[in-house]
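Asker: My structure is below; once you've seen it, I'll send some questions.
The values are calculated or read from the model by the stated rules, or taken from the named source; none is laboratory data. Given the structure is predicted, the values throughout are model-derived calculations rather than measurements. Cβ atoms come from the backbone with ideal geometry, glycine included; neighbour counts cover every protein chain shown.
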Amino acid sequence: MPEITAPFRETTPDSHTDCDGLFPIREVARLTGVNPVTLRAWERRYGLIQPLRTESGHRLYSSTDIETVHRILDWIERGVAVSKVGKLLARDPQPNEPATASRSDTELEWRQWQAQLRQAISAFDDRELDRLYGQIFSVYSTTVVFQDILVPLWKQLLRHQGRFGQASEWLFFDNFLRSRVARCLQMACASPAPRVLLSAIGGECRELELLVAGLLMSSEKLAVKVLGVGQPLDELTLICERTRPQALVLFSNHAPGTELASRLNRLAFTLDCPLLLAGEASDLAEHSLEGSSIGCLGNDGRLMPRRLQQLLSGHLEPESQA
């Protein structure tokens, strides 16, 4: 998507208004690819964005509003109806919004690390990127490193690929992260700990999202074996019969279709191990899976391993997850 370049300076009769850092609707449409009619509908009908207004009624959008538009597009691309996006935005705080006093210093540190990473990425400097990657791991836990620093930056680069070279920057960073996470997972699977199989639902996540989920679910007591992207769903029963995992976890970041619950229930009936669902689809499908044998792990790296352990130990019923 096009890069945000220079902010709009109001030169209309409302020029006495402080408009530094704000963009008119025509510029937002250019930057995001969303036409003005749709932007107005998202505001009036769904309340998804709330631009400022000049005295003459012209809409002015901040860089945070533009980031919100990108996030709306991200959810729509995952198959979520625009009418349901508001609830998802509410539980997914924007990276640029002011932090609370208790977290402001920490989040400022995360943004500073991201700025250094971006410099290394823009220079395609794999040695500097590797050095920063090691430094970040020496300061924070694995969950914080990926959930709060690396993956948010990866998503930002994915969304903003309008200028020449930006697609290459994202691919460079994506390849770097996938190689590092795959190496960590390979080491974890070499341990004698019981295994859980993790597989993507075809076409419903990117490889890095799947690998990171596997890494965040892993623990000293449980190794997660990630199956290749493109793994046929109808052959998972065969793999489970031969490898006898503690559980099979399916991962998806797309909105669940109407047939997902029945597909999962049919698969669960053929397995000798628990079937669990993780990723954004897990939160979105929780209601439709209520009362079934399928457990939902969610998409929060801080909660997934705990829920996984609780479900395997029988201390958390699938239909009573918080």
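Asker: In the stretch 41-84, which residue that is of a type in the set (Ser, Thr, Tyr) and over 27 Å from residue 282 (Cβ atoms) is surrounded by the fewest Cβ atoms within 10 Å (Cβ to Cβ)?
Answerer: Here the residue is 56.
Yes/no matrix, rows are residues, columns are (1) without any contact (Cβ under 8 Å) to a residue 60 or more places away in the chain; (2) farther than 22 Å from residue 256 by Cα; (3) assigned by TED's automatic domain parsing to the domain that holds residue 283; (4) not small (Gly, Ala, Ser):
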site	(1), (2), (3), (4)
35	yes, yes, no, yes
40	yes, yes, no, yes
52	yes, yes, no, yes
55	yes, yes, no, yes
62	yes, yes, no, no
66	no, yes, no, yes
72	yes, no, no, yes
80	no, no, no, yes
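Asker: Then there's this: Is it true that residue 227 is within 25 Å of residue 154 (Cα to Cα) and within 24 Å of the chain's Cα centre (by Cα)?
Answerer: So residue 227 fits the description; yes.
Asker: Let me ask another. Yes or no: residue 291 surrounded by 19 or more Cβ atoms within 10 Å (Cβ to Cβ) and outside the structural domain of residue 151 (by TED's automatic domain parsing)?
Answerer: No; evaluated as a whole, the condition is false for this residue.
Asker: Restricting to the stretch 222-238, name every residue that is within 19 Å of residue 211 (Cα to Cα) and not basic (Lys, Arg).
Answerer: Selection gives 222, 223, 224, 226, 227, 228, 229, 230, 231, 232, 233, 236.
Asker: How about the stretch 23-95: which helices (runs of 4 or more DSSP H) wholly inside it have at least 1 residues that are closer than 23 Å to residue 107 by Cα?
Answerer: Per the criteria, 63-77, 82-90.
Asker: Of the conditions (1) touching a helix residue (DSSP H, G or I) at 6+ places or on another chain (Cβ under 8 Å); (2) in a helix (DSSP H, G or I), residue 171 clears all except one; give me its number.
Answerer: The number of the failed condition is (1).
Asker: A further question follows. If you scan the stretch 220-277, which residues turn out to be polar (S, T, N, Q) and in contact (Cβ under 8 Å) with a residue 12 or more places away in the chain?
Answerer: Hits for the stretch 220-277 are 231, 237, 243, 246, 252, 253, 265, 270.
Asker: I'm trying to understand the selection: among the residues of the stretch 107-165, which are within 30 Å of residue 30 (Cβ to Cβ) and not in a helix (DSSP H, G or I)?
Answerer: Scanning the stretch 107-165 gives 123, 124, 160, 161, 162, 163, 164, 165.
Asker: Sticking with this structure for a sec: Exactly one condition in (1) at pLDDT 90 or above; (2) under 22 Å from residue 81 (Cα atoms); (3) touching a strand residue (DSSP E or B) at 6+ places or on another chain (Cβ under 8 Å) is not met by residue 42; state its number.
Answerer: (3)
Asker: Tell me, yes or no, whether the stretch 265-273 has at least one residue that is crowded, with 16+ Cβ neighbours inside 10 Å and closer than 24 Å to residue 152 by Cβ.
Answerer: Checked the stretch 265-273: no residue is crowded, with 16+ Cβ neighbours inside 10 Å and closer than 24 Å to residue 152 by Cβ.
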